[in-house]
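Student: One structure, as structure tokens, below. Some questions next.
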Amino acid sequence: MLDRIYDLYNEMERKQVMLSFTGDLSAELITALLGLVERKLLGFEEDVRVRKRVFNVVMECLQNLYHHNGGERAAEGASGDPHGVVMIARVEDGYSVLTGNFMAGRDVDDLKAHLDHINSLPPQELRKAYQARLSDGRYTQQGGGGLGIMEIARKSGNKLEYGFVPCDRDNAFFSLNVNVTN
């Protein structure tokens, strides 16, 4: 088992993983993770605009993990805090921000439709849809305006890659990969 740690370390170094975390998420931990990401980006990325875009995407992704964790499986964390996974890696043409969390299976179709709609919009239309949602004053059940995924797509400038893995009759695991290109 101990030799696998070295193999894991080498693999993460080879793939230029800046951060990898899985576990319970609290507001304090998210603040600490964002501070770590900010410091890591200073060492990885010279372009201030790219650093800012990556940081904003990571921030929105962590907020989504915290606020939109659902399903019975999400409550399995010992602290009762939302549980998720996040990984940030440097890739050939920028950065990849990967997240995952449990969600209620009944919500998969709605989220998939929302993601497909966002992915179908050209940048100008996405900006207009974002502005319209911002000004309409409607709020989701979680208290937000439903702007997080739109903001992630806007800041990344790329289509969102996603997947759902059914866990049982009532739950699914949602994975999101956001590529932020230089």
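The values are calculated or read from the model by the stated rules, or taken from the named source; none is laboratory data. Just so it is clear, the structure is predicted and the values come from calculations on it, not from any experiment. So basically every Cβ, Gly included, is an ideal-geometry build from the backbone, and we count neighbours across all protein chains shown.
Student: List, please: which pairs have Cβ atoms under 8 Å, are six or more places apart or on different chains, and start with a residue in the range 43-55 that is touching a residue at least 12 places away in the same chain (Cβ under 8 Å) and within 20 Å of residue 31 (Cα to Cα) and end with one that is among the β-branched types (Val, Ile, Thr) and in a helix (DSSP H, G or I)?
Tutor: 54/37; 55/37
Student: When both residues are 6+ apart or on different chains and their Cβ atoms are under 9 Å apart, which pairs have a first residue that lies in the range 1-28 and is at pLDDT 90 or above, and a second that is of a type in the set (D, E, K, R) and assigned to a helix (DSSP H, G or I)?
Tutor: So the pair list comes out as 17/11; 18/40; 19/40.
Student: Restricting attention to the range 131-141, does a residue exist that is modelled with pLDDT of 95 or more, closer than 17 Å to residue 67 by Cβ and not in a loop (DSSP other than H, G, I, E, B)?
Tutor: Checking the range 131-141: not a single residue is modelled with pLDDT of 95 or more, closer than 17 Å to residue 67 by Cβ and not in a loop (DSSP other than H, G, I, E, B).
Student: Working carefully through the options 56, 101, 69, 64, find the one that is modelled with pLDDT of 95 or more and either in contact with a Gly (Cβ under 9 Å, 6 or more places away or on another chain) or surrounded by fewer than 22 Cβ atoms within 10 Å (Cβ to Cβ) (or both).
Tutor: Matching residue, one of 56, 101, 69, 64: 56.
Student: Of all residues in the range 1-30, which are among the β-branched types (Val, Ile, Thr) and surrounded by fewer than 11 Cβ atoms within 10 Å (Cβ to Cβ)?
Tutor: Once the filter is applied, which keeps residues that are among the β-branched types (Val, Ile, Thr) and surrounded by fewer than 11 Cβ atoms within 10 Å (Cβ to Cβ), the range 1-30 yields only 5.
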